[in-house]
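Comments concern the structure below.
The values are calculated or read from the model by the stated rules, or taken from the named source; none is laboratory data. Just so it is clear, the structure is predicted and the values come from calculations on it, not from any experiment. Here the Cβ positions follow ideal geometry from the backbone for every residue, glycine too, while neighbour counts run over all protein chains shown. Accessible surface areas use protein heavy atoms only, side chains included; no ligands, DNA or RNA. Shrake-Rupley method; radii C 1.70, N 1.55, O 1.52, S 1.80 Å.
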Amino acid sequence: MPERIYNFSPGPATLPLEVLHQAAKDIVNYHDKGIGLIEMSHRSKDFMAVIEEAENLIRDLLHIPQNYKVLFLQGGASTQFAMVPMNLLGPGKKGSYLNTGVWAKKAIKEANIVASAHVAYSSEGSKYDHVPVDGDYSVDPEAEYLYFVSNNTIYGTQFPVMPKSEKMLVCDMSSDIMSRPFDITPFGLVFAGAQKNIGPAGATLVIIREDLLDRVPETVPTMLRYITHAEKGSMFNTPPCFAIYTIGLVCGWLKKIGGIEAIEKINREKAAILYDAIDSSDFYRGHARKDSRSLMNVTFNLPTPELEGRFVQEGAKRGLDGLKGHRSIGGIRASIYNAFPKQGVIELVEFMREFEKNA
Ligand SMILES: *Cc1c(COP(=O)(O)O)cnc(C)c1O
């Protein structure tokens, strides 16, 4: 087998190697029971234990109190763009949104289909190179919630601290959940597609305050109601078994290395190495404003698109894979989520220095 490459992909993204080895074994023969994990009934005692363990680890790592439900849904983060306003707003009601990137904009579009979105702030005019601070915008007094995207995967921006508001917060944390601690109590709902930071594609984590479950209008179909899934422990229908199981393994790995506080420290170290390299050169220019820089997705440009193309190609030849920026902004993007090894960042910086010298 070739050595593992450094996978800078924005998602699905790199997972801890020990998790992959465990999953590979369990897919064929789960805990030596002579049956593979993905062949078992989701109602079996073994799988019930798997989903319970995954939920408990999430609650433990993120300090989620009992008045919040933890759900594993399908349809990706993108389905949440619609489910949130369908369940929490409905016709005639309004949510305030911070438009800090493509994923926020898509959520605004969905909210306007089933209810109404008030756009309280937009950084679209500056190519989404920053996020606002409190005071840069005001939330509509009639809004039910303030919606934001904590980490803008495509642009490499991140809220350094969560916004504060009198309204409850709703957040798309797809690309930075479990990368740093946060207090859930101002949040009504948090969601995250698993495939960036906590597992494989196929499951979407939703954490919702219990009292919000009843808000759903009667016109919302069964599968699109949070309460349907909350009342059945995410087992109303067949859940994404493999994804949930793998999320559990990733959370177990995270707990073992010291939890969210420990991984935040590592994430800050990794990001600092890369941003220092960008800042110490005129050849590389960061896309995000310094006050909004993401610890998860580091975006930058080279002097020309031709050089960027060569950079991506030559990087891939050295085992530094997936560095091409999103098609909407071009350039380079290095995604360095929780499971991305620090050594990969060090080798990227070495490559950057060499490439600049030879350009
Ligand atoms: C990737 C991503 C999405 C889309 O996730 P899907 O699961 O593919 O729908 C939404 N929001 C953010 C912040 C993302 O990074």
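Descriptive notes on the structure:
- Computed accessible area, Arg289, all protein chains, 1.4 angstrom probe, square angstrom: 110
- Taking the chain and dividing mean pair separation by its residue count, relative contact order in percent (alpha carbons under 8 Å, at least six apart): 23
- Cα gyration tensor shape for the range 102-167, rounded if a/c is under 1.5, else prolate or oblate: oblate
- Comparing Cα centroids, the range 285-343 and the range 70-89 end up 30 angstrom apart.
- Normalised per residue, the accessible area of the chain is 44 Å², obtained with a 1.4 Å probe and no contribution from ligands, DNA or RNA.
- The fraction of accessible area contributed by carbon and sulfur in the chain is 52 percent, rounded to a whole number (1.4 Å probe; ligands and nucleic acids excluded).
- Ser165 contributes about 40 Å² of solvent-accessible surface, heavy atoms of the protein only, 1.4 Å probe.
- Computed over the range 259-358, relative contact order equals 29 percent, with contacts defined as Cα pairs under 8 Å that lie 6+ residues apart.
- For the chain, the alpha carbon convex hull comes to 132 Å³ per residue, rounded to a whole number.
- Taking all protein chains together and a 1.4 Å probe, the residues Glu306, Glu124 rank Glu306, Glu124 from largest to smallest accessible area.
- Rotationally averaged projected area of the range 259-358 (alpha carbon convex hull; nm²): 6.4
- Among Ser280, Cys171, Pro303 - extreme Cα towards positive end, dipole of the chain, charges at beta-carbon: Pro303
- The range 193-272 versus the range 146-162: alpha-carbon centroid distance in Å: 18
- Projecting the Cα atoms of Val161, His21, Leu88 onto the charge dipole of the range 18-256 (Cβ charges, centred on the Cα centre) puts His21 farthest toward the positive pole.
- Heavy atoms of Val250 accessible to a 1.4 Å probe, total area in Å² rounded to 10: 10
- For the range 200-212, the Karplus equation 6.51 cos²θ - 1.76 cosθ + 1.60, evaluated at θ = phi - 60°, returns couplings of x, 5, x, 10, 10, 7, 10, 10, 10, 5, 4, 5, 7 Hz by residue, with Gly and Pro reported as x.
- Greater than 20 Å apart at Cα, pairs in Lys196/Lys270; Lys265/Lys357; Lys265/Lys317; Lys45/Lys232; Lys69/Lys232: Lys265/Lys357; Lys265/Lys317
- Test item: Cα-centred dipole of the chain, Lys/Arg +1 and Asp/Glu -1 on Cβ, debye: 400
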